1. Looking only at residues that are β-branched (Val, Ile, Thr) and closer than 26 Å to A:Ile49 by Cα in the range B:17-31, which one is farthest from the other protein chains (Cβ to nearest Cβ)?
2. May I ask you to say which residue of A:Val517, A:Val542 is within 23 Å of the chain's Cα centre (by Cα), more than 30 Å from A:His182 (Cα to Cα) and at pLDDT 95 or above?
3. Closer than 22 Å to A:Gly278 by Cβ, in contact with a helix residue (DSSP H, G or I) (Cβ under 8 Å, 6 or more places away or on another chain) and not hydroxyl-bearing (Ser, Thr, Tyr) - does that describe any residue in the range A:89-111?
4. Here are some conditions: (1) crowded, with 24+ Cβ neighbours inside 10 Å; (2) under 30 Å from A:Ala423 (Cα atoms); (3) away from every other protein chain (no Cβ under 13 Å); (4) not aromatic (Phe, Trp, Tyr). A:Ser232 meets all but one. Which one does it not meet?
5. Looking at A:Asp79 and the list (1) modelled with pLDDT of 95 or more; (2) acidic (Asp, Glu); (3) on the phi > 0 side of the Ramachandran plot, which single condition is not satisfied?
6. List the pairs whose first member sits in the range A:506-522 and is in the same structural domain as A:Ala353 (by TED's automatic domain parsing), whose second member is surrounded by fewer than 18 Cβ atoms within 10 Å (Cβ to Cβ), and whose Cβ atoms are under 8 Å apart, counting only residues at least 6 apart or on separate chains?
7. In the list A:Ala265, A:Ala252, A:Ala303, which residue meets the criterion of being without any contact (Cβ under 8 Å) to a residue 40 or more places away in the chain and touching a strand residue (DSSP E or B) at 6+ places or on another chain (Cβ under 9 Å)?
8. Determine, yes or no, whether A:Gly114 is surrounded by fewer than 22 Cβ atoms within 10 Å (Cβ to Cβ) and either touching an Asp or Glu at 6+ places or on another chain (Cβ under 8 Å) or within 14 Å of chain B (Cβ to nearest Cβ) (or both).
Amino acid sequence: MNTIEHEVDVLVIGGGTAGPMAAVKAKQQNPALRVLLLEKANVKRSGAIAMGMDGLNNAIIPGHATPEQYVREITIANDGIVNQKTVMAYAQGSFDMIQELDRWGVKFERDETGDYAVRKVHHMGSYVLPMPEGHDMKKVLYRQLKRARVEVTSRLVATRLLTTDGRIAGATAFDCRTAEFHSVRAKSVVLCTGAAGRLGLPASGYLFGTYENPTNAGDGYSMAYHAGAELSGIECFQINPLIKDYNGPACAYVTGPFGGYTANADGQRFIECDYWSGQMMWEFYQELQGGHGPVFLKLDHLAEETISTIETILHTNERPSRGRFHSGRGTDYRERMVEMHISEIGLCSGHSASGVWVDEHARTTVPGLHAAGDLACVPHNYMLGAFVYGKLAGQSAASFCAEHELAPLDVGQLEAERTRVLAPLLRERGLPPNQVEYKLRRMVNDYLQPPKVTRKMEIGLERFAAIESDLDQLKARDPHELMRAMEVHFIRDCAEMAARASLYRSESRWGLYHARVDYPERNDAEWLVHAQLRKDAQGRMVSFKRAIEPYIVPLSDSERAAYRRLRIPAAQASHAAPSPPSQSSPWSPP
Amino acid sequence: MSQRIAISLSPSSVPVTVDEDKCIADKGCTVCVDVCPLDVLAIDVSRGKAYMKFDECWYCMPCEKDCPTGAVHVDIPYLLR
């Protein structure tokens, strides 16, 4: 079988949220550029927002919030470990992006005066803008891709980035229906492959019962790592409060403004703020450990009209099969609280902070390689952050093309990758990919799920090393199974990164996301830094520190501790577990 | 051995079902196959109908929502129900 060769100026990998935006913006900046959007599924319905989204979680709208206020809130929510310049670049681009999406046909909720109907869900400021008709988001993006004349491919699975002398040269991919191997030479590449959503195994045991779209197996984390890019905050896991078994969002952001809230088994509030953070998850965990669980989403006290509105939003957007799940269990929001639980772990900067390191122009540490969306390390960036960083990445990638020619192709690198990718198809017999994936992800749960224990993570590394040698035995019976086999490679890389990054940061931080039993204290003297990870010249996975740039938005002492005071005091609730004393004092700014 | 492979490839029930009376794959329609993020649907060429080929459903529902004739139905996978 021949290798199918492509040559473009800008290659965008991933056609979900950030990717289409990056492709459109690169093309708008220079319509003469050849821009290729490489998608593993089909851009019409792919990625985290395949079925749309019910709102913006981080809208910064004049009159409701300022960029400075938002940067302050995210700095605090992420326990001080942020490059404020990157969060500020998002914040300053936020309102322009909302207006552009509005012009493109996205419908946002407005109040009776015509102003955007912003709600408060975060601990400090107001940033939530509902989109009750947000189910058309992908159609809106698709129209823009057509208008900008972006070339789009479907069903091509990117496997590795090509580099020459440390600079980006393109990428390799294969067709998950025909197994044809593709090489794409490009002057610049934008990586938009989403979260590592298939890392931990859901409690259901079902491989595809994940919170994130399971197509997002951590492909980009692995590809960026092997290309030599720096990754950051991998130890700051994504762990979410979800509907038990269904594993989708309970959507406190949607229900909160209507009067819904997270409650314990007695139906009482135990956290002041439902905004997802490690500190919030810590309180959730404490409530379960303290015998006051399960934890529920409580709506049964609301009026019929309110509940109908909530149902309409939740059962038509983002994860519309929620309604079907609830009716199967006999759960009616009017009569019963919705049982929730703590999810398995994942990597996702859209919700927490783990990602490929980028600067405020979406540039990674590899020249010519850019990243945006859930896999790019801009903490708590969510969907709107994916759009803003998609725009920045597309523009940066277009600018890079103006100054660079194609890097020469390393033929040896290309051939080695072709051999690696096609090997599972050629093998006579071997291990079934779904079994290797199941075992790997079960080990992730056994050894990495917080609270993190040093000895367990060390054993985890031994197991992941053993599974690495098993990868040479994977057998794929058809091109589809080859896709699953290559995804197991991605997942294994992410598991090793998660273990090594967690072992490196010898302190506790971000509530449950990085609660280390052997190092229960937060240690600002040594660890108020970014913990980075990359592949060194010898091919080893190495960790190192990167200093936090001086803050551009200063914080007061009282603000700094805000996210440590999420638990409702005992006088207001019938009981209360103590906050983690070790992590409770405010940190000192860098 | 061949029996076991056959069963693992085609379980007795899958989350995505297709009403063959409504399915118009024989007229060239491939919408449900195209929109699936996990690429688990396919057209049975001999019968001209869509079916779930791989039991790897995220119960996300584009196949059901986008089907022009309402032939596709998504059930929550049994393990989660």
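The values are calculated or read from the model by the stated rules, or taken from the named source; none is laboratory data. As the structure is a computational prediction, the values presented were derived from the model and not from experiment. Here the Cβ positions follow ideal geometry from the backbone for every residue, glycine too, while neighbour counts run over all protein chains shown.
1. Of everything passing the filter in the range B:17-31, B:Val18 is farthest from the other protein chains (Cβ to nearest Cβ).
2. Values: A:Val517 fails: within 23 Å of the chain's Cα centre (by Cα).
When all the criteria are applied, what remains is A:Val542.
3. Yes, there is a match, as at least one residue in the range A:89-111 is closer than 22 Å to A:Gly278 by Cβ, in contact with a helix residue (DSSP H, G or I) (Cβ under 8 Å, 6 or more places away or on another chain) and not hydroxyl-bearing (Ser, Thr, Tyr).
4. (2)
5. The single condition A:Asp79 does not satisfy is (1).
6. Sorted first by the residue in the range A:506-522, then by its partner, the list stays empty.
7. Working: A:Ala252 fails: without any contact (Cβ under 8 Å) to a residue 40 or more places away in the chain; A:Ala303 fails: touching a strand residue (DSSP E or B) at 6+ places or on another chain (Cβ under 9 Å).
Exactly one residue qualifies, and that residue is A:Ala265.
8. So A:Gly114 does not fit the description; no.
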